[in-house]
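Read the structure below first, then the notes.
Read-outs throughout are calculated quantities, based only on the coordinates presented, and are distinct from any laboratory measurement. Because the structure is a prediction, the values reported are computed rather than measured. FYI the Cβ positions are ideal-geometry reconstructions off the backbone, even for glycines, and counts take in every protein chain you see.
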Amino acid sequence: MKKIISLLFLVLLISLLFLVLLISLSACSNENQNSDEEAKETVGGLDREAKVLAQNLEIPWSIAKSGDVFYLTERTGSIVKVEDGNQTRMRVELSDPLAEVAEAGLMGFVLHPEFNDNSLAFAYYTYTEAGDSINRLVQLKLDGDVWKEERILLDNIPSGQFHQGGRVEIGPDNKLFVTTGDATQEQISQDINAIGGKILRINLDGTIPSDNPFEGSYVYSYGHRNPQGLAWNEAGELYSTEHGPSGFDEINHIQEGKNYGWPLITGDENMAGMQTPVIHSGESTWAPSGADFKDHTLYFAALAGQGIYSYSLNTMKLEKVLGGYGRVRDVLIVGDTLYFVTNNTDGRGVPRENDDKLYQIDLTNLRKN
């Protein structure tokens, strides 16, 4: 009798192990299938699915769109064109080779307002000179399938091992806005004669706008650590996202000539003449990057936060509205569609099959409770 009981127990144990193995294999199979076609995560009880538009990208940084065509910068030095489901990795001819420095490379990118007529764009990249890394802003021109650097608009932007800044956008006033990091030299953020740790405002031809807050200076706002996102709301007000020190990441309402406090204040700290953030992450971190607005709500990419967050200016409520895709570097909103790129191949993420990718998702899916 004891032998029969032992035998039955052994059969039952083997059956349970076999069942667990089948479930595990099924889960792995479904995960690989979703990574090729779509990804989803349940947040607040809601399945949110995003469509893959491009894959096998190399650390994409910025999303630009003209009509139905996307242009994605890759930190490794290319621009990927995505059109009608096809991808073309376009060569970028720069006057100096890219620096091989952490967080550096070909980053910010925006098309000229008259791109369809003049084929011009603006880009921010890091190069090396005499052993030092330096950031610069340049004008590019598309010639066939090659982007060629035509002119340097601004050079000698501080660089270093970390904190490159790098976001480039065109504001409602038709000016270039560029974020620069402190390059781990904290003191330069408070020096209005330095261009590191700032948000800069520049004419499209590279000259200094006559109505900038500091005469003869590109500086629009200062006291920044590592801002990586810029977006304007429906009222034309500028907001930025910024990486903080070990947490205390920020969303800031940017006003011309204002001091945003780094490195003298962080979080809720106050000091005369300095601006506190609209909201910050406290001791946790988002590592926020690219941002865009829709209906008075700021949507921003999060690297360490691994997803997309929204902040409503009406309700002052912060939410994580999308996750499950890993590190997200940039977002772009066109109509009711949000596009985003992941950065799982940047050395800090966990790449999935065919990462990195460009996705699209209907904004209405992100607004459901």
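When 218, 260 are checked against the criterion of being buried (at least 20 other Cβ atoms within 10 Å of the Cβ), touching a Ser or Thr at 6+ places or on another chain (Cβ under 8 Å) and on the phi < 0 side of the Ramachandran plot, 260 stands alone in meeting it. With respect to the conditions (1) free of Cβ contacts under 8 Å to residues at least 24 places away in the same chain; (2) more than 21 Å from residue 366 (Cα to Cα); (3) surrounded by 22 or more Cβ atoms within 10 Å (Cβ to Cβ), residue 243 falls short on a single one, namely (1).
Residues in segment 308-337 that are free of Cβ contacts under 8 Å to residues at least 24 places away in the same chain and among the small types (Gly, Ala, Ser): 312, 335.
The criterion of being buried (at least 23 other Cβ atoms within 10 Å of the Cβ) and touching a Lys or Arg at 6+ places or on another chain (Cβ under 9 Å) does not hold for residue 119.
Look at residue 342 and say whether it is crowded, with 22+ Cβ neighbours inside 10 Å, in contact with a Leu (Cβ under 9 Å, 6 or more places away or on another chain) and of a type in the set (S, T, N, Q). So residue 342 passes the test.
Of the residues making up segment 116-145, those that are more than 14 Å from residue 176 (Cβ to Cβ), under 24 Å from the mean Cα position of the chain (by Cα) and hydrophobic (A, V, I, L, M, F, W, C) number 2. Residues that are more than 22 Å from the chain's Cα centre (by Cα) and either among the small types (Gly, Ala, Ser) or under 20 Å from residue 213 (Cα atoms) (or both) within segment 238-292 comprise 256, 257, 258, 259, 261, 272, 273, 274, 275, 276, listed in sequence order.
Please enumerate the residues belonging to segment 286-341 that are part of a loop (DSSP other than H, G, I, E, B) and closer than 21 Å to residue 245 by Cα. Give the derivation first.
As a first pass, look at segment 286-341 and keep what is part of a loop (DSSP other than H, G, I, E, B): 286-287, 295-296, 303-306, 313-317, 324-327, 335-336.
Result: 286, 287, 303, 304, 305, 306, 327.
Considering segment 70-92, and only residues there that are within 14 Å of residue 147 (Cβ to Cβ) and basic (Lys, Arg), the residue that is surrounded by the fewest Cβ atoms within 10 Å (Cβ to Cβ) turns out to be 91.
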